[in-house]
1. Given the pairs Lys60/Lys210; Lys323/Lys371; Lys84/Lys193, which span a C-alpha to C-alpha distance of over 18 angstrom in this model?
2. Once you have the Kirkwood Rh of the stretch 307-346 from its Cα pairs, apply Stokes-Einstein at 25 °C and 0.890 mPa s and quote D in µm²/s.
3. Using the Karplus curve 6.51 cos²θ - 1.76 cosθ + 1.60 with θ = phi - 60°, work out ³J(HN,Hα) for each residue of the stretch 338-352 in order, rounded to whole Hz, and write x for Gly and Pro.
4. Rounded to the nearest whole Å², what accessible area per residue is found for the stretch 361-410 with the 1.4 Å probe?
5. With θ taken as phi - 60° and the coefficients 6.51, -1.76 and 1.60, list the Karplus ³J(HN,Hα) couplings across the stretch 274-291 in order, rounded to whole Hz; mark glycine and proline as x.
6. So what's the stretch 345-410 giving for Rg/Rh, alpha carbon basis, Kirkwood Rh from the mean inverse pair distance?
Amino acid sequence: MTLLQRIILTLLSLITARHHHHLPRGANALSNPPTTARKHAVVVGAGPVGLAAALVLSAKHDYDVTLLESSSASTSQSHYDPTKAFLYLVNARGRTLTEMFPSMQRTLEERGVRSGSFADTKINVVPSDPTEEIPRGVANVRAAVSNADECDGGDHGGGTGADADAAATVAKAAASEKAVSPGYWIPRHEMVKLMVECVEERNRCGKGGKIDFLLGKECVSVSPILLDREHSSGSAGGVLVTAQDVDNNNNNNDSNDDNNNNNNNIQTFRATLVIGADGMNSKVRDCLSRSTTSKNQWAKNCPPPKKFQIKKYTSPASHLRIKVLQFPPRFEIPNANGKPPIQTTSEQIYAIRSAFHGPRNFLSLGLLPMKDNDAVRPTNIITRPDHEIWTVRDGPSMRSYFQRAFTRFD
């Protein structure tokens with residue numbers, strides 16, 4: 001079993017049942033009456049994880065899949081969203097998925113920026129001192145990590161020897177399989193787009209199970225389907241997933257009129273497998289936690305619904321906070337000593353250092369590579385939770401803070 005398959009299986013909430021379930025008031029008939037011998041899965045959430053699950057189930061396990069996404073067509077996840085403006089590095093582990101689908105891999109190579117080994121990745125480091133010229137060359141990750149460690153006082157929460165620890169971390173990463181294999185940088189929305197295109201291609205060609213992609217649908221109920229006694233044959237009844245138009249659901253929340261529930265915008269889906277791929281605030285998890293269904297009504301091999309609660313673990317990245325900013329395409333970085341400014345290009349990596357060097361105020365603007373030289377450049381700031389930037393509460397104060405932190409810019 002591949003690593004990807006183990007990850008997918010970890011995400012799967014396999015839920016089956018035994019007796020009979022009535023459709024909720026206002027619901028239409030089952031939206032997907034069985035037409036083939038294939039099993040049916042419902043995947044809630046059409047981000048990268050949900051799309052990956054749907055594709056693998058369809059291609060490798062012969063499932064028909066209904067994919068529910070709460071975003072509407074005009075705001076679908078394949079469009080640029082400033083709140084999710086981060087990039088993926090699809091390394092050897094990620095290519096376990098993309099290489100299952102040759103057209104997806106080809107598109108990734110066309111739209112992504114190829115990356116070599118981690119430790120030898122080239123970074124344009126912009127000094128914090130505006131009177132210092134920007135180096136003409138580029139530093140690799142080893143040099144950039146060492147430079148950043150010096151800038152923030154060498155305090156990474158690890159006590160003495162932080163420089164050595166950072167170097168050891170880079171060396172370990174450089175030796176790993178995912179580091180030495182080539183990867184591809186790609187914005188999140190572009191990754192979603194190429195996965196959606198793969199779904200559409202497979203549906204057109206009739207390859208594997210069919211994937212029905214429904215936008216603007218929100219999961220509102222997950223419950224067992226119970227078989228009538230006279231039809232009881234020992235087989236499981238499956239799961240009933242109820243979905244509602246997002247706009248309609250919002251209208252219902254604003255009204256006390258029960259007649260609002262009598263509409264044709266509620267759909268129900270019968271499934272043998274339900275996957276909640278809808279993030280931290282999962283509607284699937286919420287439906288299960290609010291379920292009044294008796295534990296005995298679920299299949300013996302299924303954990304109680306309330307077991308599907310999120311679990312939190314401590315890691316080296318625990319509690320880090322991130323702020324995403326945006327730069328215009330091909331923006332210029334002012335140089336010193338009469339030298340011309342540096343015009344940025346999308347496929348280069350940049351690390352712009354701040355004038356603040358303390359462990360609680362050091363900043364570095366990181367810009368990762370992307371293919372489109374005319375696209376907005378997202379930049380990330382990642383800090384510890386006690387960094388002073390999180391005490392800034394309004395726009396004018398934030399602007400002033402950044403002007404003091406990055407004096408190279410106006």
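The values are calculated or read from the model by the stated rules, or taken from the named source; none is laboratory data. Quantities reported herein were computed from a predicted structural model and do not represent experimental measurements. To get the accessible areas, we keep the full protein, side chains included, count just its heavy atoms, and leave off ligands, DNA and RNA. Shrake-Rupley method; radii C 1.70, N 1.55, O 1.52, S 1.80 Å.
1. From the list (Lys60/Lys210; Lys323/Lys371; Lys84/Lys193), the Cα-Cα distance tops 18 Å for Lys323/Lys371.
2. Translational diffusion coefficient: 166 µm²/s.
3. Listing the rounded values in order: x, 6, x, x, 8, 8, 6, 10, 5, 8, 9, 9, 10, 10, 9 Hz.
4. Details: 2540 Å² over 50 residues.
Result: 51 Å² of accessible area for each residue.
5. 10, 10, x, 10, 10, x, 4, 9, 5, 5, 4, 4, 5, 4, 5, 5, 8, 5
6. 1.00
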